[in-house]
Amino acid sequence: MAWAPWSAYILAATALLFSPGTLAAADSKAPTVARDFTPLPTSAFAELPFVEDVDLSPDGTHIAGLFGIAGEQRIMMMSLLGDRSKRVLIAVPDQTQVAWIRWVGNDNIIVGLYSLMPVEADRWYISRVIGINRGTGKITRLLWDSGGQNASDVLWIPSDGGTEILIAAQNSIYSNLPDFWPAVYRVDVATGRKRIAERARPNVFDWGADHLGQIRFGIGYRDASTQSTLLYRSHGEGALRVIDSAKLGAEEELTIPFHFVPGSNNGFVIKETEGGRSAVVEVDIPTGKAVRTVYAADDADVESVLLASNGSKILGVRTSDRKTPLRWTDPAMAAHQKTLEAASPQSKVRIESLSADQSKMLVRFSTPDNPGLLFYFDAATGDLVKLAAMNDTIGGKRLSRGRMIQYKARDGLEIEGVLTMPRGRPDTNLPFIVMPHGGPWGHDELSYDYWAQFLAERGYAVLQPNFRGSTGYGAAFEKAGQGQLGFAMQDDVTDGVHWAVKEGIADPKRVCIVGGSYGGYAAMWGTVKDPDLYRCAISINGVANLRREVNDFGGLMRERLYRGQWQKMTPDFAAVSPINAIARIKAPLLLIHGKKDVTVDHGQSARMYSAMTKAGKTVEFVSVPLADHYFTRQADRMTLLTSIETFLAKHNPPD
């Protein structure tokens, strides 16, 4: 492709995709005048994104990520400005998920992989790392000879072009053996050669390094008591000593440094300040005494930080503020964000990845009704170059408008959600889909969602409620979900439907509930708890029986802790499991499940289908042979969406 300068591409992009006039019309709350248009085919929504988990090389000349190629996701490295025929393309191993992709220098990437595998009559999540060379395409397995469960905890990546990284890895699956506890290795990503950097210590399950690659702390843990300890190594010293402890099962937390001030024992942590807000604070690590506040916001909590690639400084913070969650603290980055937002004022501008010197970046411009465009920005020259549309078929088309809405739950708690209204239809008395998110620890944002847009394109209004227990609304809102799984958490979803009916948006006789993973559970449980509310339900990779698979933590080291946290969600899992309440279900149910799902067992849907059939209920089951939990193959997405469309047309037609 020809590489045009900033002016040509940004003018074209803003005119086609991010025209302020077009967006203003799309976001208007005024009634929509029905108009004729040809709905996009199902294949447009099934199309894989151009790239996910994209990462820019330190020198800003190459990109790596999970690319949608020939209907499947592939790990790929390619040049941005040079010869793209020399790209490196790697298939993702079967029944394996990619957790992350990172550059090590400009010539290698490392990829974190995980899979749910049988281990001694159980199933455990096993994690490993591979290295891939950009020049040769050679794949190097890193620490794959480890005999333990996890060998993918990357602690440090050099910023000087070196190829030795720090990885913590277990060497045994048996907790009574010393090698069960992870040791830290220096591993060459190009050759796979390793050498010990920190030997395993009993009950120390996690390690941390400073930006120079020195091991500075370990985190001890005893699952029997859920007691955790912080072991710290002072600057220039060899010994580790305990400086803090917390009982995690009692919701106490350790204060763990994420940055170390060079030449001192000071570090940066996120902790609560006197005003009750979480902030970035510099502390004397051995004593925990605050030295100064590095960053605090009056109107939000700091939830995480963005560090420079070499770990030497903070570039920005992510906060609990829903309107401006990302705040750049680095002046240059704040200026870049401002420049990019000025280029397209009505769009969401997200800097996806940065070069080591922060002068080059990958930028995504998007709106809730379009998947967006990916650009390459060179801050030194001001050039902004279009790389690709995230969905080539949709391109710059504007689809159905979305907006954030708020409503009161029956107990007065305010619930927020995303409402997507179908284009080309009046704004009242619409066929309606409520679509709770997965997790349940997660939340939906005002951003492009291919499920919601597909349903809206077919004529349905779609509500995605962020019920109590969702993340993104602070600790108190998340904690409000404890004890309420199957109860108030489900009522929040139901109350969203009642709100839409009261507002005149939803036709109360044409409401269905659709969801994936935990949302699939909520879809099934909705037909149990409110059997007369829903005309139909669709569960995608959903959980029918909460007593086993959702309570299965894959042999994780904190199994007792995680099990305890999950058990706080409801007093009786059997009592709120859909498979135990089939007699109360009236609505037709569609079950869709990928056979290669490593997150929720395929048997969940198979057993629910069997039980529904035996009880004489109306049920359909679409078992997708090659699909994983996220439907990362285009053919599987096509099966998913086609099955949804066919079922809805039968049981809740839009017209």
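Just a few scattered comments:
- Only protein atoms count toward the accessible area here, which uses a 1.4 Å probe; on the chain, the carbon and sulfur part of that area reaches 50 percent.
- Cα-based reach from LYS323 at 17 Å (exclusive), listing lysines while leaving out same-chain residues under 8 positions away: LYS338, LYS348
- Neighbour net charge for ASP160 - beta-carbon separation under 14 angstrom, K R +1, D E -1: -4
- Count Lys and Arg as plus one, Asp and Glu as minus one, and take only other residues whose Cβ is under 12 Å from that of THR42; the net charge is then -1.
- Unit Cα scatterers, Debye sum, segment 334-394: log10 I(q)/I(0) for q = 0.17, 0.25 Å⁻¹: -0.53, -1.08
- For segment 408-507, trypsin sites (Lys or Arg not before Pro) are listed when DSSP marks them as loop and at most 13 other Cβ atoms sit within 10 Å of their Cβ; the list is ARG410.
- Segment 178-198-segment 261-283 distance, computed between alpha-carbon centres (Å): 31
- Diagonalising the gyration tensor over the Cα atoms of segment 109-162 and scaling each eigenvalue by 5 before taking the square root yields semi-axes of 26, 13, 8 Å, largest first.
- For segment 387-463, the normalised intensity computed at q = 0.12, 0.18, 0.20 Å⁻¹ comes to -0.39, -0.81, -0.95 (log10 of I(q)/I(0), Debye sum over alpha carbons, equal scatterers, no solvent).
- Here, P(r) means the percent of Cα pairs in each 5 Å bin from 0 to the largest distance; for segment 443-494 it is 4, 20, 22, 19, 15, 13, 5, 1.
- Ranking by accessible area, most exposed first, for THR471, THR38 with a 1.4 Å probe: THR38, THR471
- Relative contact order of the chain, pairs being alpha-carbon contacts under 8 Å that are 6 or more residues apart, as %: 11
- The chain - mean residue ellipticity at 222 nm from DSSP helices (-39,500 (n - 2.57) per run, n ≥ 4, rounded to 500): -5500 deg cm²/dmol
- Cα-only radius of gyration and Dmax that characterise segment 229-333, units Å: 14.6, 45
- Short-range pairs are left out: with C-alpha atoms under 8 Å and at least six residues apart, the relative contact order of segment 138-276 is 13 percent.
- Around GLU251: net Lys/Arg minus Asp/Glu count, Cβ-Cβ under 13 Å: 0
- Amide N proximity, segment 477-498 versus ASP411 label position 7 Å along Cα-to-Cβ, cut-off under 17 Å: 477-496
- Cross-link pairs LYS529/LYS614; LYS289/LYS313; LYS194/LYS596; LYS138/LYS194; LYS194/LYS313; LYS502/LYS650 - those with Cα-Cα distance over 23 Å: LYS194/LYS596; LYS194/LYS313; LYS502/LYS650
- Contact order for segment 86-196, expressed relative to its length and based on alpha carbon pairs under 8 Å spaced 6+ residues apart, stands at 20 percent.
- Whole-Å distance, taken between Cα centres, linking segment 118-151 and segment 33-62: 30
- Rounded if a/c under 1.5, otherwise prolate or oblate - segment 571-628, Cα gyration tensor axes: oblate
- For the chain, the per residue solvent-accessible surface stands at 42 Å², with DNA, RNA and ligands left out and a 1.4 Å probe.
- Each residue of segment 159-176 was assigned a 3J(HN,Hα) from its phi angle through the Karplus curve 6.51 cos²θ - 1.76 cosθ + 1.60 (θ = phi - 60°); the sequence is 9, 9, x, x, 10, 8, 10, 9, 10, 9, 8, 7, 10, 8, 9, 9, 5, 8 Hz, with glycine and proline shown as x.
- Rg and Dmax of segment 299-408, Cα atoms only, in Å: 15.4, 50
- Placing one equal scatterer on every Cα of segment 174-267 and applying the Debye formula, the log10 ratio I(q)/I(0) at q = 0.11, 0.12 Å⁻¹ is -0.36, -0.43.
- Rg and Dmax of the chain, based on Cα coordinates, read 25.3, 73 Å.
The values are calculated or read from the model by the stated rules, or taken from the named source; none is laboratory data. Computed from a predicted structure; not experimentally measured. Backbone-built Cβ (ideal geometry, glycine too); neighbour counts: all protein chains shown. The protein model used for the area step is the full one, side chains on, heavy atoms only, and it has no ligands, DNA or RNA in it. Shrake-Rupley method; radii C 1.70, N 1.55, O 1.52, S 1.80 Å.
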